[in-house]
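Inspection log for the structure reproduced underneath, given as structure tokens.
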Amino acid sequence: MTDPRNPDSASQAIEMDPVEYTLRKRLPRKLPKRRNDVYVNMKTDFRAQLARCQKLLEGGAHREICVHGLGLAINRAINIALQLQASSQGALQLAANTSTVELVDDLEPEDPDEAGEPMTRTRNNSAIHIKVFTEFPTPAKG
Amino acid sequence: MREKKLRNQPSNVQYSSTHSVDNSDARQGGWVRGHHRDAGGYAKEMPKFITGGTFARARAAEVNAMLKAVNKTPGSSYVFAALPKHMRRRAMSHNTKRLPRRLRDVANRMAATKKKKEQAKNKSRKARRRHGNLLLEFNRRQRKNIWLETHIWHAKRFHMVKKWGYCLGDRPTNKCYRPCYRAMSNHCLLQDLSYYCCIELHGEEDKLLAALSQLTSKDTGPTFASAVCLSGCRQGSLTVYKAGQYPSHPLGLVTFLWRPRTQGSALRQLWIWAHPTLKQDLLAELQAVCLCSEAVAMVTPVEAHPTTEPEPEKSSEAKLVPGKKRKRNHKDSSEPSAKKILGDGTRSTTSPVTWKSSLTGIIINDLTMELVRFRLIGPQSHSVLTDTLEAATRCEQQPTHTSSLWWPELCKDESRMKLHQQQADLFHTLKSIFSSSELTAGTVLSLTVDDPRLNLPTKKVQALPFLRLFHRVHIWFCVLGGPLPGHADVPEVCEEKRRELTLRGVPEHCCQSFLWDQSVRNSVTDNKIPEQTLNRMRREVLVPGSRLSPTPLQGRVPILLVHQPGKQLGTERTGWGAGWDLLLPKGWGMAFWVPLVYRGVRVGGLNMSLKHNQNKATPHFPHDYPDCPAGVRFQDEQEAELLNKLKRRPPAKRPNYIKLGCLAPLRCPWQQLAEEWELISRDLREEKTHDGPVEQQVSPLGGATVKPQHFTVLRSRSSLRLLSCWCRPSSSKGQRLRGVGESSPLSHSAASALVEAHRMSVVWVRLSLLSKGKPELHAMLCAPTAEDLRLLAKEQRANGPQEPPHKDHFKSRIGRSKKSQKTASPANDTSQSSDLVIGLWPDPLPSVSSHCSRVMLGWVTQGDFSLSAGCGEALGFITVSGLIHTLIKQPVEHRGTLLLRNPASLHYRFIKVNIEV
């Protein structure tokens, strides 16, 4: 497991009334991308994402790729990784890691003059990082 | 018989068939050659004899005439016209030596007689390019339309347009539409927004708020009094209305920024930024609500400068020419910076800029062109900023030594320096952020920086996020597990600060800036180091291209960084187009512009800011505010421009909008549409009340006797939220979305209540096409019929229905009027025909809503293929009552589907309506 960041438990306990606040979710924090990082989402077609991974692996430039999935997309990330492995006839291996990602929500008061400050709250979501690599060469850089 | 005259026949010579009437036999005696039809050969009666004398005289006259005709140089044609085609050469009229020698004399003579009047001889290029003369010329050229500080940079690279009293770059001359889009979505796009006008209000907080609250309404969102904005930590934006007339008479969109409270002073300072088209309206309204009508006489020399500019310039020039020590002259160093200040394009140079009120104590200051505003758009804009700017270095000086400059004085104050250190730390933390959209929207960060020209890179570089190493580490954490030796503690510290910044924003005391201080601003502007001195310093640096050090004392500038939120509404592309605004004191524009450009940003013009707003799905100021006076003026201009463009095409190549069933391709008659829908909804309501008494309790609510007034754009958030819920089809996904803010479902009673409350309103919508197609300006938005929706249900990517072609009854009338114009032009006839343009409806338009086969609901104000969505997207307005009546009739799964038809097409396409709050 990776670093468990301890969330501020105090700020979690805000009771919010949905009538008085508007919830706006910020995007999850972007991570920098190497060429062989694939971030899986739920909007793009599954086959397209699978094809992209296959292209990366078959292109020969990369021995390993990392498939990342957050929240709802974890399922799909696992699915992609397994499909890759299945279609490679045993040449590819997987190494999965999970982590927790901190997400930020903005709460905007409906009546901004009286309710005071817009609040931000953080919540956690799970993420998965699957390393897909060919077997024989030892994983580089490890 | 020849009646025809020779072409160049002199007037005194006549050949007439009757020139020898008296001498009839002479005529008969004329020799004729060739075959004559009537004679069938030679004339029957051959003359018996010829009198030699008369015959010779007659021939002599003819020969004379011919000779005269040949010798006389024709007035209208050139000598070389006499030459056969194959002997003509290029530019013969210009250079007589290209003519054959026999014609040269004539040509020379002609050239001498035709000599044009002597053109005033231009000064030599060298003289023209001399610095003083160049500046004079520049001043002359910007008398009507003011230049921004970056004008010359732009003029070399952009198509410039004269707009709103300024010369502005519209679009770059090189082809870079897509690169600019990529810069906005991946890296950074830079724009000069200095033409935005800033109005400063000065006064006690409660009095200011009391005055300003008349201009706004809480219904539309945060006002001037919203707590975060009031503390000075955030920039706010809102729509301003005429005092106390909230739903009607809007003025336009402004952004505002409060100065953080200073200790020991109850006075507050507020900057309101507005578009130049809006400024005069806004200023008048502000003066009215603040009771500020006493103009304060201008005491600042800077403002008085422009009126008296040319004279002192000339005299100093005259004085300086004989002496050779111009460069050493001390006054000269400050002159260029003073010369650049020229008033602005939205007011005349003599009008006052400060008003104060003895009653409320509020001071209004017009700060237009006093501040430079650059906008950086894109996720990497903060890395560009952190790359370009460096927090100001302290100056080491004896505390006893006093300086006229502000920074050395400041350095002695320890608390101030502590604040500066905090600000610099915060700025440094920005480096650990990956995307500009991670920050809280509207965050303000104040900073004092070193002159960015001091460390200009020798080559253009691409500013990249600083945190590559840090993130490598992070990924190893994630993927491999376990910390990396040696780097484990570095990210932790960074991480903590970053979290603090993204969650809480910048603390209030760090937003305090010296940019608010006019004396500091003026001192910084006046003491700017000229480029020449910098170049001299560069020459003396040992390693070429390295940073200039030590930093000269004048090289510190107070700036404000204001975060601009990206796309906030809706669920797609959240945070797209976020960025930073950079506020500088005037005179420093180019000093920051070039270093920014050297960090690999793209530069965009006016049309890119339009595209930015379109992709961000926010209304763009004069375009999408048709109910504001500025918007109306913009529409007038746009109509004239479009009409001109249309008339430039040959009539046969223009689309005939009458046949295409498009009533208003140039200008949208919003008022007429709103009135028509008001009538339609009233009819519908009456029908319903006849049908059943159930709905009756609703109608007294609105008071049906209200006269139709001016149409308005719906901006009340609660109503918009209702509409936005109703527009969504209630699929499984839609229901989940709806859980966020639950509201009443679409029912007849709720709908009619909303219609009743907003009878003359139009609502701003974002439209996306379901299949192919590219929406264009002023495309029509129509309600689909039940059959259309059935078609859509059958096939998801169905092409829409077709509009049957209309008949053009006006074409014949135009033809007729043209004919009558040719024969005789009576006054009334010409006036009528000048109104008629082929293919455009003449002015009293028929009913716009029912003109076509589908009922019209509204028009598109901007439309294009959206590169970020991958389909055509448009922004437009729809009447509220029309939209609701359409929605009620639609089946649940197709709710919010409308039809769009381009003005030059008969094809309807399906679109999806989104209203985002």
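Each value in this text was obtained by applying a stated rule to the coordinates, not by laboratory testing. Remember, it's a predicted structure, so these values are computed and weren't measured experimentally. Quick reminder, even Gly has a Cβ in these numbers, built from the backbone with ideal geometry, and neighbours come from all protein chains shown.
Taking a spot 7 Å from the Cα of residue B:462 along the direction of its beta carbon, which residues of segment B:172-193 have an amide N less than 20 Å from it?
Those under the cut-off are B:175-191.
As a test of the definition: which semi-axes, in Å, follow for segment B:57-216 when you take the square root of five times each eigenvalue of its alpha carbon gyration tensor? Largest first, please.
Output for segment B:57-216: semi-axes of 66, 22, 19 Å.
Given a Förster distance of 41 Å, report the FRET efficiency between residue B:533 and residue A:51 from their Cβ-Cβ distance, rounded to the nearest 0.05.
0.10
From the phi of every residue in segment B:859-866, what ³J(HN,Hα) in whole Hz does the Karplus formula 6.51 cos²θ - 1.76 cosθ + 1.60 yield, where θ is phi - 60° and glycine or proline is x?
Taking θ as phi minus 60°, the curve returns 9, 8, 9, 9, x, 6, 6, 8 Hz for segment B:859-866.
In segment A:90-108, which residues have a backbone nitrogen under 12 Å from the label point lying 7 Å from residue A:134's Cα in the Cα-to-Cβ direction?
A:91-93
Can you give me the long-range amide H partners of residue A:124? Hydrogens built in the peptide plane at 1.01 Å from N, cutoff under 5 Å, separation of 5 or more residues or another chain.
Here the answer is A:103, since their amide H atoms fall under 5 Å of that of residue A:124.
Going down the table (A:55/B:772; A:55/A:131; A:55/B:616), which pairs top 22 Å between alpha carbons?
Long pairs (Cα-Cα over 22 Å): A:55/B:772; A:55/B:616.
Quick one: of B:460/B:611; B:774/B:912; B:175/B:659; B:431/B:567; A:33/B:431; A:25/B:418, which pairs are farther than 24 Å apart, Cα to Cα?
The answer is B:460/B:611; B:175/B:659; A:25/B:418.
Taking 7 Å along the Cα-to-C-beta vector as the label spot, tell me the residue B:46-residue B:404 distance in nanometres, rounded to one decimal.
11.5 nm
What are the trypsin sites (Lys or Arg not before Pro) within segment B:516-591 that DSSP puts in a loop, where the Cβ has at most 13 other Cβ atoms within 10 Å?
B:547
Please list B:836-847, B:242-253, B:441-452, B:867-878 highest first by mean number of surrounding beta-carbon atoms within 10 Å per residue.
So the order, starting with the most tightly packed, is B:441-452, B:867-878, B:242-253, B:836-847.
Which value, to two decimals, describes the C-alpha radius of gyration of segment B:564-620 once divided by 2.2 N^0.38 Å?
Here the Cα radius of gyration is 1.35 times the empirical estimate.
Assign one of three labels to segment B:563-664, namely rounded, prolate or oblate, based on the Cα gyration tensor with a ≥ b ≥ c the square roots of its eigenvalues; rounded applies when a/c is under 1.5, prolate when it is not and a/b is larger than b/c, and oblate otherwise.
It is prolate, given that a/c is not under 1.5 and a/b is the larger ratio.
Taking amide H atoms as placed 1.01 Å from N in the peptide plane, list the residues 5 or more away in sequence, or in a different chain, whose amide H sits under 5 Å from that of residue B:170.
The list, which skips near neighbours in sequence, is B:159, B:160, B:161, B:606.
Where Lys and Arg each count +1 and Asp and Glu each count -1, what net charge lies around residue A:134 among other residues with Cβ under 12 Å from its Cβ?
-1
Segment B:157-234: percent of C-alpha pairs farther apart than 20 Å?
Considering segment B:157-234, 59 percent of its Cα-Cα pairs are separated by more than 20 Å.
Output ³J(HN,Hα) for segment A:44-52: one whole-Hz value per residue in order, computed from phi by the Karplus curve 6.51 cos²θ - 1.76 cosθ + 1.60 with θ = phi - 60°, and x for Gly and Pro.
Each residue's phi maps through the Karplus curve to give 6, 4, 4, 4, 5, 5, 5, 4, 5 Hz.
Using a basic spin-label model with each label point 7 Å from the Cα along Cα→Cβ, how many nm lie between residue B:718 and residue B:394?
It is 5.6 nm.
Hey, can you grab everything whose amide H is under 5 Å from the amide H of residue B:586? Only 5+ residues off in sequence or another chain; H modelled, so Pro and N-termini drop out.
Close amide H contacts, sequence-distant or interchain: B:372.
If you take the beta carbon distance between residue A:72 and residue B:867 as r and set R0 to 25 Å, what does 1/(1 + (r/R0)^6) give as a FRET efficiency, to the nearest 0.05?
0.40
If you plug each phi of segment B:899-905 into the Karplus form 6.51 cos²θ - 1.76 cosθ + 1.60 with θ = phi - 60°, what whole-Hz ³J(HN,Hα) values come out, in order, with x for Gly and Pro?
Per residue, the Karplus-derived 3J(HN,Hα) values read 10, 10, 9, 5, x, 9, 9 Hz.
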